[in-house]
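Student: Below you'll find the structure I mean.
Only the coordinates and a few stated rules stand behind these numbers; no lab work does. The structure displayed is predicted, hence computed values, not measured ones. Note that we place each Cβ from the backbone using ideal geometry, even for glycine, and neighbour counts take in every protein chain shown.
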Amino acid sequence: MGRKSNKGKEKRLARKEEQMRIAVAKEIVDKANKLSDPLEPFPVFRKFNKNGIEAELYIKRVGEICDVTKEWVFNLTKQNMKAKYEDCSWGWNDTKKYEELTDEDAWYLIAQSKDGKPIGFSHFRFDLDEGVEVLYCYELQIEPAVMRRGLGKFMMQILELVAFTNHMRKVVLTVLKHNKYNYFFKALNYQLDESSPVDDDEETYPYAILSKINKKLVNTNPLPSSSSINNHCDHCCSGHH
Ligand SMILES: CC(C)(COP(=O)(O)OP(=O)(O)OC[C@H]1O[C@@H](n2cnc3c(N)ncnc32)[C@H](O)[C@@H]1OP(=O)(O)O)[C@@H](O)C(=O)NCCC(=O)NCCS
């Protein structure tokens, strides 16, 4: 009897602690979502001048992005990703992808050339992911004409800077396992996230979840116990399934 009720008390306490931790995490996410310009403290990162690319970068919420740029975001994503989605169980759906890209929580990091033409973007969100405050990179897309010149890496560095300065615990993204560009994330030291699903006899997953941890926060408030992590993902660097 006594043992039972002690266990019950421990469980209640643990649940309460978890709820409090999530409430704090939510406050951190809400605060980041209220920023007017996350790039403001880092003027050096507003320009990329390397390997024949001269670009300017800015960060805006989706509501501040003009329709022409939104169309370009959608078309570049479709051009780079449609075939890869169709090669796996996800399939491609114009409406679903457009809705994801224009969701009111979406933030955009955009690189444009000197004549104002966009050449690369990241769609990201400050969000709670399985109770943890993260910057989720939904999409990173570079125009094929300017790939492999360091712009993608520079943009991921900006996301990490913005994430970690605003106290996110991780930068997280979902990749399709058969995407040949995954080597890019390996080159940038992204690791398999603990929430990445593991194939078994019953199910194989076409995607993996990668992350980079904010080392400054590792020993502060612990990440949720593995029992509270379930193996699903609802957002993807190039994906929704
Ligand atoms: C993946 C992507 C964002 C990378 O951006 P990028 O500007 O082309 O890449 P970078 O020049 O910054 O590459 C940095 C490093 O990543 C690695 N890398 C990048 N592309 C690679 C490729 N195609 N094959 C092997 N390694 C690659 C290299 O180590 C590279 O460094 P190096 O050129 O000095 O060897 C870009 O190629 C892209 O938009 N691809 C199509 C869309 C996509 O698959 N996005 C990712 C999933 S959302």
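Student: Using DSSP to define loop residues, name the trypsin sites (Lys or Arg not before Pro) in region 1-97 whose beta-carbon has at most 13 other beta-carbon atoms within 10 Å.
Tutor: Lys34
Student: Given a Förster distance of 25 angstrom, what is the FRET efficiency for Glu27 paired with Lys215, based on the Cβ-Cβ distance and rounded to 0.05?
Tutor: 0.70
Student: Taking the alpha-carbon distance from Lys215 and a cut-off under 15 Å, which aspartates and glutamates remain once sequence neighbours fewer than 8 residues away in the same chain are dropped?
Tutor: Glu133, Glu160, Asp193
Student: Which of the lysines could a cross-linker span from Lys96 if the Cα-Cα distance has to be under 19 Å and same-chain partners fewer than 8 positions apart are dropped?
Tutor: Excluding near neighbours in sequence, the set is Lys70, Lys78, Lys82, Lys84.
Student: May I ask for the longest run of the chain untouched by GluC sites (Glu not before Pro) that are loop-located per DSSP and have at most 16 neighbouring C-beta atoms (other than their own) within 10 Å? List each step's numbers first, then the result.
Tutor: Numbers: sites that count: Glu104, Glu194, Glu202, Glu203.
Of all site-free stretches, the longest is 1-103.
Student: Who wins for biggest fluctuation among Leu35, Leu57, Leu161 in a Gaussian network model of the chain, springs between alpha carbons below 10 Å?
Tutor: It is Leu35.
Student: Where a Cα-Cα gap under 18 Å defines reach, which lysines qualify for Lys16, not counting those fewer than 8 residues away within the same chain?
Tutor: Lys7, Lys26
Student: For region 2-228, state the average projected area of the convex hull of the C-alpha atoms over all orientations, rounded to one decimal in nm². All intermediate terms of the calculation are to be shown ahead of the outcome.
Tutor: On the way: hull surface 60.5 nm².
Mean orientational projected area (region 2-228, Cα hull): 15.1 nm².
Student: Report the charge-dipole magnitude of the chain in Debye, nearest 20, computed about the Cα centre from +1 at each Lys and Arg Cβ and -1 at each Asp and Glu Cβ. Don't skip to the end; give the middle numbers.
Tutor: On the way: 37 positive and 36 negative charges, 203 e Å.
I would put it at about 980 debye.
Student: Counting pairwise Cα distances across region 5-86, what percent come out greater than 17 angstrom?
Tutor: Working: 2424 of 3321 pairs.
Considering region 5-86, 73 percent of its Cα-Cα pairs are separated by more than 17 Å.
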